[in-house]
Every structure is written in C-alpha cells, then in structure tokens.
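The values are calculated or read from the model by the stated rules, or taken from the named source; none is laboratory data. Note that the coordinates shown come from a computational prediction; the quantities given were computed from them, not determined experimentally. FYI the Cβ positions are ideal-geometry reconstructions off the backbone, even for glycines, and counts take in every protein chain you see. Remember, those area values only see protein heavy atoms, side chains included, never the ligands or the DNA or RNA. Shrake-Rupley method; radii C 1.70, N 1.55, O 1.52, S 1.80 Å.
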Amino acid sequence: MDRRHFIKLSSLLGGTLTLSTQLTGCASAPETKEYFPAVEFTHGVASGDPTPSAVILWTRAVPADNDDSGYVRWQIATSPDFTSPLRDGVAKTTRNNDFTVKIDVQDLPSGRSFYYRFFTSENRSVTGTTSTLATGVMDKLKFAVFSCANYPAGYFNAYKAAAEDNEVDVVLHLGDYIYEYPKGGYATANAESIGRDFMPGNEGELLTLKDYRLRYATYRQDNGLQLLHQRKPFIAIWDDHEIANDTYMSGAQNHSADEGDFFARRTAAIQAYYEWLPIRPPMGYDNPQIYRSFEFGNLVNLYMLDTRVIGREKQLNMADYKQADGQFDGKAFMQALHNPDRTLLGRAQFNWLADEVKQSSARWQVLGQQILMGKMHYPAEVLTSEREAVAGAIEGLLGLLKKQQAGATLSKVEQARLATKLPYNLDAWDGYAAERDKVLSMFSDAQKSLLVIAGDTHNGWVNKLTNNRGETVAMEYATPSVSSPGMEDYLGLNTAQAKRLADALPLLIDDLSYCNLHERGYMTMTFTLSMVTTQWHYVSNISNENYTVFTRHTERFVN
Ligand SMILES: [Fe+2]
C-alpha cells in the first residue's frame, strides 16, 4: 500500500492506529497533533552547549520505511511526566543529515534542569536530562572531563561511571571522540575478541563523509556513551583523530596525497562531527570554527579552544634538523621552536581569547583544550633510547639522582645526563613554546586564576605551568583516555613497571608532579568559590562492561 495513502486512511479511521500500536507494543508515544509515521531512534538522545537560556537537543531518527525524510516531535519539560512541556515543536529528519536531528531550544529559564524526548505518533525516544547554565552567584559546579575514546580498544566504562555520578553537571570532551584508523590499524588488536569490531563497510581508514558517519554510528552504540549523553549536557571540542592523526591547519601526519584532497576530507569529517555531536558551532554549520566560551555564573569562565584546525602551523620534526654530518643542529631547532611568530591557535583565536579574558570576572578561568601545555622536557637520553631501552635509561638516571641525594658529587658527564633535556612531543604545546608563554602571560598579567585541562596523551598528568622566569602561573590537569592505550602499551610495560615509571617521571621532569601511565578513566573538577577539587578516576576493566571505578588522585587548587 502507498504509505501516504495509508497515513490519510488511518487518520480517517481514528482509533485504529491506537489499537495497532497497542498490539505492537509501542503505545507509549504521546499524542501528536498530526500523524507522524514511526522512526527508529537508533542512538538514544543527547544534549549540549548549554547557555543561560538555550540548549541543543539531539537524536537520530531513521524513518522505519526507508524514506529519505520524516518528522519527529520534541518536548522539553521540568517534570519527567511531561504534563506541561515548557517548549515543544516538530523537527524534520533527513538522509542529508544522516537522520540526525538537532534542536537549539531557546528562551528557557536559567540554571534549571529539564527532561526532554522525541516522538512520533508511533514511538518515542528515551527521556534525556539536561540543564541550562546559571547566572549570578553559583555555589558549586562539577565537570566530568574526557578524551580519547577508542572503540576497538575497549568498552567506554569511564563514560558510564560519570553518567552514574549524580553530582556531575556538565561533561567536557577534549577530543578524540572517534579514531580514523582502519581494522587492523592502531589499537584494534583485541577488537574481535572483545566484540568491538567495526561494522561491515566501515573497516577502512575514514576518508569520506559516509566513512566518518558510520564510525560515529558505531561508537554511539556503546551503552556507556549513550547513557552519558542521555543524562548530561556535553561541551565538546575535537582533537586530531576526528579528522586524521596529528592534524594541522593544512594537512595531517595520517593524510597522504593518494588519499585525495585534505580539505575535502576535513570538510567531510567536520560535517559528520557537527551532525553527531550536540554542538552549536558558533559561526554556523558551514564554518570550521569551534572555539567558544561558556560562563558558569560568577564561578567559572570556560574557554574551549581549537588547537588543530583553525590556526595550527605544521609540527616541527627533529629529523629535519639533522645536518649533513648526521649531527643534530640544536641551535636551528631551538630557533624554530621559539620563533615568536609560530602559532598554534592562529591570530584570530588568540585575539578572541585575549578579549574574552579581559572581560571575564569569574572566580576561576579554565582553558579546555586538547594537548599538554606543561613542559614535558625529558632527559635526552630517555628520548633517544630505543623503545625497549627506555625503562632502563630511566632507571640509570634515577640511580644518578639517588647518588646525588646521598651527597655524592656527580661527574660532569653524569650532571649533563640529568640536565640535558628535550621536549618529547612537538605536536603538543612544547612545539609552540613562544605562544604558550604568551597565553600564560595573558592570564597572569590580568591576575586571573587559571587552570588548563588537556587530553590527548591517554594518561593522567599534573603539571605546574611555569612562565619563562620559571614562576608557576597556573596548573594543568590532564585526563586519562577512556579506552585508548597509554604509555604502558607504547613502552611495552607491565603494571608494576608502569607504576615504577610513574613514580620516576616527576623526579626527572621539572614541572611534572603526578602521572598515571597504565589506567583508563576520566577526571572530575568540582568548583566552589574557595577551591577547585580535581580527581582522577580509573576503571578496573575495559574488555567488557563489568568494572569498578577507583578514585586514585586528588588535587586541590586554592590560588
Ligand atoms: Fe588520543
């Protein structure tokens, strides 16, 4: 039967439809003003980018009859029975958006919690919870902070743990929400045995819009991620893997000419990100600008930065500074590294940030961004060791430190072994040192209390952020990965070795005070007017959905 004819017919028949939906067990859809055929809510619901008066609501609604488009109604209310919705409306779902539906609900009261749902005449989504931001005096605020979720590497139990923390107000996602790698690529070794293979048709490296969309559809099947989206509003930014490894302004380490035009790939990647994330791109959906800020009453000003797409100059590569005689040209390298014009944020974003900081009067300033800002300057001996020799090199240096602490005088060579340090990751702020100094001065000159949060490394870290006079001007807290393998995997360490290394690194890296190198998890940050309490939570297991969560470290910031 022609579907449109059927719709007309059934509305004429009145009660027939109710009866049929009762028989099929989906009678719970609320009444609609006109008949909307069933859709499949394939990936739950989500919300994000709250302001004092608005919030993005998200769902994915695939027409049950394989149509190119359909309609859903939505409601937002202050009570879970939706007896008197605050706002409601109709939204179209179309194949053009991968059947994702996003509503930017306006004119909501500030500082309130809400229930929301989507439905047709035939069926409805799960009910989500979200909130708007408070204005004025705020006593308390709690963030859960995430980065680096890798579907084939494990279950997203860290997301589930945060979903079950009733005190978490908002989720911050610092990127690597997906990874672009193919089956058999990075972190996929256990995928099949733990039931986390990619779906057929999505097993290659992501290059096209269809590829990226299917990868989001795969990731969003994870129960922990669905639950977290359903319960908490997200504020998200991308890192590199939403596009390709080590993305910069005009290319990426993991993009080669035979994979086509980089910008076409990036456009596809960004389209899928905007479709699948409950984000409100500040310059609209055709613009790759995502840096934006959020004001949590008088308590926190949060700046979400883009250190990937909008302004990043290409990463430096130490191999490019090898001279004809094979020697490393340290002088030329340092000159390039400290070039005052070298930029990570780009001029427009930098100037925007400076303006925002000047105007902010919030108690705490938070830079939400992707990569480590702390000076991760390792002894050169460690960095130049083969992978298998790293642990041994560190042991050797620890031996020297012990000797020194016991009062022995070190030889010149031994002193140099401890003192000769190099930045280990030129994709991080260490590769953009001059701009790092400028960003830190921006806050310290204005006498603002700054915390920087980071992801990207897959491990938990605490760094002092020091200016070029060596003074501590802020702290950096880095969240461990949700499931991507960390340093222990890269260096082939067992748990005992990884713990030993985590104890050793703060002794060898000047500004580092804490790290965890072998566990997956997330961070929470609780803000009051007098203190910020940051905690590192780790899950016991990612190879199935059974886990316990341990809080292993707490930092209190009172500056
Ligand atoms: Fe990552």
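If I ask for residues that are within 27 Å of P485 (Cα to Cα), more than 16 Å from the ligand (Cβ to nearest atom) and open to solvent by less than 10 Å² (accessible area, probe 1.4 Å), which ones from region 131-153 would you list? Of everything in region 131-153, those that are within 27 Å of P485 (Cα to Cα), more than 16 Å from the ligand (Cβ to nearest atom) and open to solvent by less than 10 Å² (accessible area, probe 1.4 Å) turn out to be F143, A144. Given the conditions (1) assigned to a strand (DSSP E or B); (2) without any contact (Cβ under 8 Å) to a residue 60 or more places away in the chain; (3) within 21 Å of G224 (Cα to Cα), report the number of the one that N546 does not fulfil. So N546 meets the others, but not (1). Can you find a residue that is of a type in the set (S, T, Y) and open to solvent by 60 Å² or more (accessible area, probe 1.4 Å) anywhere in region 84-101? There is at least one residue in region 84-101 that is of a type in the set (S, T, Y) and open to solvent by 60 Å² or more (accessible area, probe 1.4 Å). Evaluating G89 against the criteria (1) touching a strand residue (DSSP E or B) at 6+ places or on another chain (Cβ under 7 Å); (2) at pLDDT below 95; (3) not acidic (D, E) leaves one unmet condition, (2). The set of residues in region 230-245 that are away from the ligand (no atom under 12 Å from the Cβ) and either hydroxyl-bearing (S, T, Y) or open to solvent by 10 Å² or more (accessible area, probe 1.4 Å) (or both) comprises Q230, R231, K232.
Of all residues in region 184-192, none are of a type in the set (D, E, K, R), crowded, with 19+ Cβ neighbours inside 10 Å and in a loop (DSSP other than H, G, I, E, B). Hey, does region 250-267 have a residue that's buried (at least 21 other Cβ atoms within 10 Å of the Cβ), assigned to a helix (DSSP H, G or I) and under 19 Å from the mean Cα position of the chain (by Cα)? The answer is yes, given that some residue of region 250-267 is buried (at least 21 other Cβ atoms within 10 Å of the Cβ), assigned to a helix (DSSP H, G or I) and under 19 Å from the mean Cα position of the chain (by Cα).
Of the residues in region 336-359, at least one is touching a residue at least 24 places away in the same chain (Cβ under 8 Å), surrounded by 15 or more Cβ atoms within 10 Å (Cβ to Cβ) and of a type in the set (F, W, Y). Restricting region 444-488 to residues that are of a type in the set (D, E, K, R) and away from the ligand (no atom under 12 Å from the Cβ) leaves a set whose member that is farthest from M304 (Cα to Cα) is E488. Sub-9 Å Cβ pairs linking a first residue in region 459-485 that is more than 30 Å from Y177 (Cα to Cα) and open to solvent by less than 30 Å² (accessible area, probe 1.4 Å) to a second residue that is within 11 Å of the ligand (Cβ to nearest atom) and not β-branched (V, I, T), at least 6 apart or interchain, number zero. For region 65-82, a residue qualifies if it is assigned to a loop (DSSP other than H, G, I, E, B) and either touching a residue at least 40 places away in the same chain (Cβ under 8 Å) or over 15 Å from F119 (Cβ atoms) (or both), and the qualifying residues are D65, N66, D67, D68, T78, S79, P80, F82. For region 106-128, filtering for residues that are in contact with a Phe, Trp or Tyr (Cβ under 8 Å, 6 or more places away or on another chain) and under 14 Å from A54 (Cα atoms) leaves 3.
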